[in-house]
Amino acid sequence: MLRVEDLHVTRGHTKVLQGIDLTVQAGEIATLIGANGAGKTTTLMTLSGLLPVASGLLELDTGHGTIDIKRTKAVDLVRAGIVHCPEGRQIFGRLSIEENLYLGAYLSDDRTRVAKAISDLYEQFPILGERRAMKAGNLSGGEQMMLAIGRALVAEPKLLLLDEPSLGLAPQITEEIFAFLEELNREKDVTMLIVEQNAMLALELADRAFVMENGRIVLNGTGKELLDDPAVFEAYLGVG
Amino acid sequence: MSDYLIQQIVNGLSLGSLYALVAIGFSLIYGVIRLVNFAHGDLMMIGAYMTFGLVASGVVPWVALPLLVVAGGFAAGGLIERVAFRSITGAPMITGFIVTLSASIAIQNLALIFLGSQPRNFNFPEVFRMRLSLGGADVALIDLVIPVVTLLCALALTTFIRKTRVGIAIRAVAENPFAAQLMGISIGRLVFLVFAVGGALAALAGLFWSGKYGQINPLMGFLPGLKAFLATIIGGVGSLPGAIVGGYILGFSEIAFVGFLPSEYSGYRDAFVFGLLILILLVRPQGLFGESEQERA
């Protein structure tokens, strides 16, 4: 589904990504973990077409052909199915819940499809349905996260990019969100690339995992392999 | 009600509408990209000269006149965005101010060169110059047409912003351009759209202005533009209802200062109007309908 080879990205004068290699197969959950400033968010933003690429190969295989991400505008990447659920949720607080969801499907001209996707989502998260006319800024952090994921889902993602879905949420809510993501992957076959600080949670969920350090991938393997790797354990999972 | 009072109310409504039409554009553009477009008032002048040219040509039926002027204003507003603003996307805010200020000066001077510095008088077609009696007061038909058309435009625009997909996208960009981009919203296109819609409304105001006062000149957009900008500030920058209400407050107070103060003070009406602005802002710095910075954060 996604193939990244030797990706270099510079922001300002800083070489943030210095040769990233990643592959995500269709139907997988992949995760990208690592310390703050390793370049995880930059990687996701590059995949969404929001940052210029210095060099490297970036390909999305949609099942109907291959797209060169470097040469595709952000708008067309959304249309091709790369949907980015950003760090800090970034919902539109002054818009209603329904308007937020509606914007998730901004590019879709099939309005009956969108209406159905939104009503399905209300079934999944009744709390959003009950408050559909309320300003989204009034929701709690966990509810805002559900809205942010919901907003991404109405876009019908083929590849869902999630940036720190656990950020600022209570542990119990984080677990609910991760359980929902797992179910989504299993039942709707949505491929995901999740950037996460909470490495333990992410590795338990992931089929494939990449560890980033200073703009490079330093380790990769299945989620289980990395969980069992003493080096990973010491660097990211150990206490203190 | 005395007929004098009726006349003053009609005058206030009419002048306030003109400010509101221009102020809506200011507010719309500011709301989306946090930019004050100083060339916005000059679009009113462009609209007035388009009206002049079309009337003078004698071939355009009067029904088509407003449509052509509005279309021309849409194009002119969009052109300003393409030529002056598009190239500085992402630049610091101060660059935007300087660019639109330069655009304004350039437009005024091009008009001086190509249209001449002499003010031009012209008469609207007969239908627009009718006068009628309203409660004993003798009022010009155009002073009634202006508020009605303005309110219809404001209603249409508000509905568009509230209900349509593009309208919701405009509000989303105003709040969080980064997230809006992730939704697949093309910000450049919306910026073009708000410049163009603002231009269309300002050109319409120019048509009305020329019909109301019967005289136009290349610098006529400056002061009304400045006052419409004040109207947006009074109403709360970025708020459409605020821009409309601000326009009417300004129009009415200006008429009231002229109409009810002793005539030796009427020459100072702008001083009174700007003084009123200072008073309102002292009490409510964010404007009547604006959100304070805390609410926004």
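The values are calculated or read from the model by the stated rules, or taken from the named source; none is laboratory data. Because the structure is a prediction, the values reported are computed rather than measured. Virtual Cβ from ideal backbone geometry, glycine too; neighbours counted across all protein chains shown. The accessibility values were calculated without ligands, DNA or RNA, using every heavy atom of the protein model including side chains. Shrake-Rupley method; radii C 1.70, N 1.55, O 1.52, S 1.80 Å.
What the table shows:
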read-out: Residue count for region B:215-237, restricted to those that are closer than 18 Å to residue B:11 by Cβ, part of a helix (DSSP H, G or I) and open to solvent by 20 Å² or more (accessible area, probe 1.4 Å); value: 1
read-out: Members of region A:86-116 found to be away from every other protein chain (no Cβ under 11 Å) and buried (at least 23 other Cβ atoms within 10 Å of the Cβ), listed by number; value: A:97
read-out: Residue within region B:195-214 that is at pLDDT 90 or above, among the β-branched types (Val, Ile, Thr) and assigned to a helix (DSSP H, G or I) present; value: yes
read-out: Unique residue being modelled with pLDDT under 90, in contact with a Gly (Cβ under 9 Å, 6 or more places away or on another chain) and over 27 Å from residue B:156 (Cβ atoms) when the list is B:266, B:239; value: B:266
read-out: Subset of region A:122-137 that is within 13 Å of chain B (Cβ to nearest Cβ) and either part of a helix (DSSP H, G or I) or touching a residue at least 60 places away in the same chain (Cβ under 8 Å) (or both) - its residue that is least open to solvent (accessible area, probe 1.4 Å); value: A:136
read-out: Residue list for region A:139-185, filter: away from chain B (no Cβ under 14 Å), among the polar types (S, T, N, Q) and out of contact with any strand residue (DSSP E or B) (no Cβ under 6 Å at 6 or more places or on another chain); value: A:140, A:166, A:172, A:174
read-out: Boolean, residue B:65 is at pLDDT below 95 and within 29 Å of residue B:122 (Cβ to Cβ); value: yes
read-out: Condition met for residue A:89 (among the basic types (Lys, Arg), touching a residue at least 12 places away in the same chain (Cβ under 8 Å) and touching a strand residue (DSSP E or B) at 6+ places or on another chain (Cβ under 9 Å)); value: no
read-out: Subset of region A:138-158 [of a type in the set (D, E, K, R), over 13 Å from the mean Cα position of the chain (by Cα) and not in a loop (DSSP other than H, G, I, E, B)]; value: A:143
read-out: Strands (runs of 3 or more DSSP E) completely within region A:1-85 that count 3 or more residues being open to solvent by less than 40 Å² (accessible area, probe 1.4 Å), away from chain B (no Cβ under 14 Å) and under 30 Å from residue A:178 (Cα atoms); value: A:2-11, A:14-24, A:29-34
read-out: Single residue of region B:133-143 satisfying the filter (touching a Leu at 6+ places or on another chain (Cβ under 9 Å) and open to solvent by less than 60 Å² (accessible area, probe 1.4 Å)) that is farthest from the other protein chains (Cβ to nearest Cβ); value: B:137
read-out: Pair list, Cβ < 7 Å and 6+ apart or interchain, from region B:202-227 residues that are in contact (Cβ under 8 Å) with a residue 24 or more places away in the chain to residues that are among the small types (Gly, Ala, Ser) and in a loop (DSSP other than H, G, I, E, B); value: B:218/B:117
read-out: Where a residue in region B:178-190 is within 19 Å of residue B:160 (Cβ to Cβ) and its partner, wherever it lies, is of a type in the set (Phe, Trp, Tyr), with Cβ under 6 Å and at least six apart; value: B:183/A:106; B:185/A:106
read-out: Residue among A:172, A:197 that alone is within 19 Å of residue A:33 (Cβ to Cβ) and surrounded by fewer than 22 Cβ atoms within 10 Å (Cβ to Cβ); value: A:197
read-out: Scope region B:1-31; condition of a type in the set (A, V, I, L, M, F, W, C), in a helix (DSSP H, G or I) and surrounded by fewer than 24 Cβ atoms within 10 Å (Cβ to Cβ); matching residues; value: B:5, B:6, B:9, B:10, B:13
read-out: Condition broken by residue A:119, with the remaining ones in (1) touching a Phe, Trp or Tyr at 6+ places or on another chain (Cβ under 6 Å); (2) more than 9 Å from every other protein chain (Cβ to nearest Cβ) satisfied; value: (1)
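Results for (1) touching a residue at least 12 places away in the same chain (Cβ under 8 Å); (2) buried (at least 20 other Cβ atoms within 10 Å of the Cβ); (3) part of a helix (DSSP H, G or I), shown as yes or no for each residue.
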| position | (1), (2), (3) |
| --- | --- |
| B:68 | yes, no, yes |
| B:90 | no, no, no |
| B:94 | no, no, yes |
| B:99 | yes, yes, yes |
| B:104 | yes, yes, yes |
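Table: residues versus (1) open to solvent by less than 20 Å² (accessible area, probe 1.4 Å); (2) more than 9 Å from chain A (Cβ to nearest Cβ); (3) in a helix (DSSP H, G or I); (4) at pLDDT 95 or above.
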position: B:145; (1), (2), (3), (4): no, yes, yes, no
position: B:152; (1), (2), (3), (4): no, yes, yes, yes
position: B:158; (1), (2), (3), (4): no, yes, yes, no
position: B:162; (1), (2), (3), (4): no, yes, yes, no
position: B:168; (1), (2), (3), (4): yes, no, yes, yes
position: B:173; (1), (2), (3), (4): yes, yes, yes, no
